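The values are calculated or read from the model by the stated rules, or taken from the named source; none is laboratory data. Fair warning: this is a prediction, and the values are worked out from it, not measured in the lab. Cβ placement follows ideal geometry from the backbone for every residue including glycine, while neighbour counts extend to all protein chains displayed. The protein model used for the area step is the full one, side chains on, heavy atoms only, and it has no ligands, DNA or RNA in it. Shrake-Rupley method; radii C 1.70, N 1.55, O 1.52, S 1.80 Å.
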Amino acid sequence: MPKPIAFVCRLDREEEQQWLEVLREKLPQETILPFRQISPDERRMIEVAIVANPDPTEVAALPGLAWIHSLWAGVERLVAELGTSSPPIVRLVDPELARVMAEAVLAWTYYLHRDMPAYRQQQACSQWKQRAYRHPSSLQVGMLGLGELGKASATRLSSAGFRIKGWSASPKQLDGVSTSTGEDGLMDLLSTSDIVVCLLPLTRETRYLLNERRLSSMPKGSSLINFARGAIVENEALLRLLDERHLDHAVLDVFEQEPLPDASPLWAHPQITVLPHISAPTTPDTAASIVAANIAEWRSSGRLPKTVALTRGY
């Protein structure tokens, strides 16, 4: 009989139970137990943990772990909390997540492209004013990050008629997208894009990557969409450039502190759209199916899926 699998999370009990139900449905041959129900003796036997924002002390209490499967695509918090001595970590790579993100990127790009923030402000002051239509091909969208989510989003935007430039830390090729890397490539993308979409992982290199110097290089009247991690953008610089009307608008779905504190100036800023981290929620059914397939493969062959580079953070 396979050894039990630990489910370690910092979710509320209702959400934890929902995940347990779908995971058990997809892995009927496995025993999946929430951490609090695992005795000290059983903890030493656990080889696999499925995690969702786990308490690192609970992960450390499983000394026999061979590997960890995250239910999220983003793992920088997990890597930071567990450290480089962590067992191998497998992050969720879900085509459905990429589709949902691409859908959100297209929707909020249209939101900016079709001047929705301006119409919202016009409505607030009872102003009836039609704005000139711009064809998608007249706008360039810069995509920061060309991982699975970035590639899917860039392809979706390209198929909608937008001109796309992409930038990534390592060289990538993508049909219909002009790609670059390095500081020169980054500055070229920023300085020529009408809308910049950020889908980069948070690493030592990308923390505050979008600082005042780089944000200032964006064209006057351009806009930013950040669906990556809050700490990639220097908020003070962003607010300053919005106040000066150098930048037109920012759509922010991610923040350094979540939920966003009530006192944050981002809430009430007329040129900022605040979203509660909803751009690409994990779909439990497809996520659990991927986790189940990865665990079944490991049980039968001992092979792990691609694991996170702990020193790099993704």
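Numerical summary
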quantity	calculated
Yes/no for Ala154 being in a helix (DSSP H, G or I), in contact (Cβ under 8 Å) with a residue 40 or more places away in the chain, buried (at least 21 other Cβ atoms within 10 Å of the Cβ) and within 16 Å of the chain's Cα centre (by Cα)	no
Single match in Leu260, Leu224, Leu266 (criterion: open to solvent by less than 70 Å² (accessible area, probe 1.4 Å), within 27 Å of Ala124 (Cβ to Cβ), not in a loop (DSSP other than H, G, I, E, B) and not polar (S, T, N, Q))	Leu224
Close pairs (8 angstrom Cβ cut-off, 6 or more residues apart or separate chains): outside any strand (DSSP E or B) in the range 189-217, among the aromatic types (Phe, Trp, Tyr) anywhere	Leu189/Trp167; Leu199/Phe227; Pro201/Tyr314; Thr203/Tyr314
Candidate set from the range 20-39 (those that are under 15 Å from Glu58 (Cβ atoms) and free of Cβ contacts under 8 Å to residues at least 12 places away in the same chain); member that is least open to solvent (accessible area, probe 1.4 Å)	Ser39
Residue list for the range 94-115, restricted to those being surrounded by 15 or more Cβ atoms within 10 Å (Cβ to Cβ), out of contact with any Leu (no Cβ under 8 Å at 6 or more places or on another chain) and more than 11 Å from Ile225 (Cβ to Cβ)	Asp94, Glu96, Arg99, Val100, Glu103, Asp115
Inter-residue pairs, beta-carbon under 9 Å, first over 23 Å from Arg77 (Cβ atoms) and in the range 253-269, second crowded, with 18+ Cβ neighbours inside 10 Å and of a type outside the set (A, V, I, L, M, F, W, C), 6+ apart	Pro265/Asn235
Listing of strands (runs of 3 or more DSSP E) fully contained in the range 4-80 that carry 2 or more residues being under 23 Å from the mean Cα position of the chain (by Cα)	5-9, 48-52, 67-70
Test: residue in the range 284-297 that is part of a loop (DSSP other than H, G, I, E, B), of a type outside the set (Gly, Ala, Ser) and either open to solvent by 20 Å² or more (accessible area, probe 1.4 Å) or touching a Gly at 6+ places or on another chain (Cβ under 7 Å) (or both)	no
